Every structure is written in C-alpha cells, then in structure tokens.
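Some notes on the structure that comes next.
The values are calculated or read from the model by the stated rules, or taken from the named source; none is laboratory data. Bear in mind the structure is a predicted one, so any value in this text is a computation, not a measurement. No Cβ is skipped: glycine too gets one built from the backbone with ideal geometry, and neighbour counts run over all protein chains shown.
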Number of protein chains: 2
Amino acid sequence: MANKELEEGTELLIDFAKRGGLIPAVVQDVADGRILMVAYVNELALEASLSKRMATFWSTSRNALWTKGETSGDFLKIVEVLLDCDQDAIIYRVIPQGGGSCHTKDPETGKTRETCFYRKIDLESKKLQMV
Amino acid sequence: MANKELEEGTELLIDFAKRGGLIPAVVQDVADGRILMVAYVNELALEASLSKRMATFWSTSRNALWTKGETSGDFLKIVEVLLDCDQDAIIYRVIPQGGGSCHTKDPETGKTRETCFYRKIDLESKKLQMV
C-alpha cells in the first residue's frame, strides 16, 4: 500500500492482519486530556465502538469482545476516534459515564480509580510512586 | 505474580517476556495533553529513556533502538513516565524539542506535523477527516 494513501488519504485502511489482528487503543478523557487506559482493538471491536459509540475492545485475556462498563457500569462514551499516520493506533476520546475507568480501587477511598495511570516511575530510583 | 504487588506496589515489574518483549508507549505533550504518537518499548528502550531522558523506543520495522529525534532533531524530552495498573503500558509525558513529532509533513505548510493523530474517523461515514 502506498504510504501516501495510508498517511494522507480519506480511506480507513487499518491492516489488522499485519498487526497480529490487534492495534492499541488509547482512551483519553475529552474534558481534561487525561489518558485513562490503553487496551487493544481488532476489526470487530473498532466496528462495535463506531456503531455503539461506547469504547469497545478485544480482551486478549478472555479472547472476547469487551465493551468497557458492561459489568461495572463505567461506560466510556465516544466523542471522537483519532487515527495515526500509519493507521496502526487509535485514540478514543471519551466522556466517562461512571465513577472510573480502571479495574482497581484506591485503597484509601475505596473508589474505582479514574485512570489506570495512577503511578509514575521515579527517574532516579526507578521505584513507582503514586501520581 | 500477585495482582496486589503489580497494581499497588512500588516495584517496577513489567513482564516484557509475557508481552512478546514489547509494550506500547504513548507520548503525551505535557503542555496541552495532546497525544503525539504511540510506539513500543522493550526493556532496553525503557532503560535508555529513563537514563537519557529522551523518548526512546524499539523500532519494530528496523529491529533497533530508536531515540526519536536522532535523525530529525525532533527529540522528545521526558518530564515523567507513567505506568498503568497491569504494568503493560507506559506514557512518556514530554516537551517536544523540535518542530514536530510525526514523520509526515503537512502538504499545505510543508512542516513536520506536531502529532501523528491528525485525522479522525467520521463516526457516520467511516471516512477519515483532518482534525
């Protein structure tokens, strides 16, 4: 496939097969730009996301279509879907519908964490710190 | 490995082997929260990023360590590195040092694009549109 078509064209040409069936999907909160989670989509999951307008992924652990919020109620409503130059990564820009996006809970508050990225790597010690 | 240790601990326990050697690295501009690119890191690339403080990846096409900006001058200076709950995705929060982050150029201005995510998927037509 010509790079120009891939990079400058108006056609959705994601080559899932070339990527082992999956590409990463980054979920970003439209309100504040925070990155909430990173998961994977296959063609089916992307298709479901575009039609349902709720962030849907392919669960690599369960090998199943996974609409975030199905069990927790914490749906991620899709506002827009961005695609990168090489058409091998996407961003779901979302409005969270529930209390959080992560499957973990803050031990202090007992609440579901809003983002999966609640820790940073200290650049000196390489230990993890809460953000 | 216990989930608690992985999710709540202070030790960096990324299991690269379990992930085929690579995990996705999302690059985010600290100034405005924009997502600039998504690439992959192996253990070597993450190590290099933490020590050089410049976003470094593993190029899956060239099978080589790749410090963004080496050839273009468009280095991405690392401010912080975030890690997710499962320790299988990272965010480089950066200050771009050059003109852009993408390898493509805007045909109108001839300038390197600031982000790889310059298109969105129209939710109705599924055609791509410039953001």
If B:THR10 meets every condition in (1) more than 10 Å from chain A (Cβ to nearest Cβ); (2) farther than 19 Å from A:VAL26 by Cα apart from one, which number is that one?
(1)
Quick one: in the stretch A:24-80, of everything that is surrounded by fewer than 16 Cβ atoms within 10 Å (Cβ to Cβ) and of a type in the set (S, T, N, Q), which residue is farthest from A:LYS111 (Cα to Cα)?
A:SER51
Mind listing just one residue for me: the one in the stretch A:83-119 that is in contact with a helix residue (DSSP H, G or I) (Cβ under 8 Å, 6 or more places away or on another chain) and either without any contact (Cβ under 8 Å) to a residue 40 or more places away in the chain or more than 23 Å from B:CYS102 (Cβ to Cβ) (or both) and, of those, nearest to the other protein chains (Cβ to nearest Cβ)?
A:THR104
Please work out if B:GLN129 is within 15 Å of A:GLU7 (Cβ to Cβ) and either at pLDDT 95 or above or of a type in the set (Asp, Glu) (or both).
yes
When you go through A:ALA45, A:ALA25, A:ALA89 one by one, which is the residue that is of a type outside the set (S, T, N, Q) and touching a Pro at 6+ places or on another chain (Cβ under 8 Å)?
A:ALA89
Taking the stretch A:84-131 on its own, how many of its residues are buried (at least 17 other Cβ atoms within 10 Å of the Cβ), acidic (Asp, Glu) and in contact with a Leu (Cβ under 8 Å, 6 or more places away or on another chain)?
2
Given the conditions (1) in contact with a Phe, Trp or Tyr (Cβ under 9 Å, 6 or more places away or on another chain); (2) over 26 Å from B:LEU50 (Cβ atoms); (3) free of Cβ contacts under 8 Å to residues at least 60 places away in the same chain, which single one is not true for A:SER61?
(1)
So which residues in the stretch A:70-82 are of a type in the set (A, V, I, L, M) and within 7 Å of another protein chain (Cβ to nearest Cβ)?
A:VAL81, A:LEU82
